[in-house]
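The values are calculated or read from the model by the stated rules, or taken from the named source; none is laboratory data. All figures in this text were calculated on a predicted structure; none of them were measured in a lab. Positions of Cβ are generated from backbone atoms using ideal geometry, with glycine treated the same way; all protein chains shown enter the neighbour counts.
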Amino acid sequence: MVLLCVSILAGAGCARNNLSRQKKAIFQRAIRENPGDPYAYYNLGICHYNLKEYRQALGAFKKALALDPQNGEFIYSLGICYHQLGRFREAMDQYRQLRFIDAKLADRLFKKLNASP
């Protein structure tokens, strides 16, 4: 029974990874067609993040934020990504920036950054 549950969960993870890879290709094409769309970069970053490709996610989130510097969700995602990479100072910098844009989202980020692994 336990083995069956593990197999089902592993299959769901694989399906999620395949879907993220497919979406990644879609957002890469969207960026080629419209390089000024911050949401294409953001969504590409989400795909990379879901695939545990944190360095690539970081680059995509940075590009999204450069195009829309006041977007709280972009700042939040960048902070989470820095945290995953062990770059805690940069993660806290994102928190400090986010406090002035979206206090609730900043609180959420702060809790994530201070949660035990």
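Can you tell which of A64, A15, A25, A30 is at pLDDT 95 or above and assigned to a helix (DSSP H, G or I)?
On inspection, the qualifying residue turns out to be A64.
Can you confirm whether segment 58-65 contains a residue that is aliphatic (A, V, I, L, M) and surrounded by fewer than 20 Cβ atoms within 10 Å (Cβ to Cβ)?
no
What pairs come up if the first residue lies in segment 98-117 and is surrounded by 13 or more Cβ atoms within 10 Å (Cβ to Cβ), the second is outside any helix (DSSP H, G or I), and their beta carbons are under 7 Å apart, counting only those six or more places apart or on different chains?
So the pair list comes out as I101/Q70.
In segment 67-108, what count of residues is obtained for those that are in a helix (DSSP H, G or I), small (G, A, S) and more than 15 Å from Y39 (Cα to Cα)?
4
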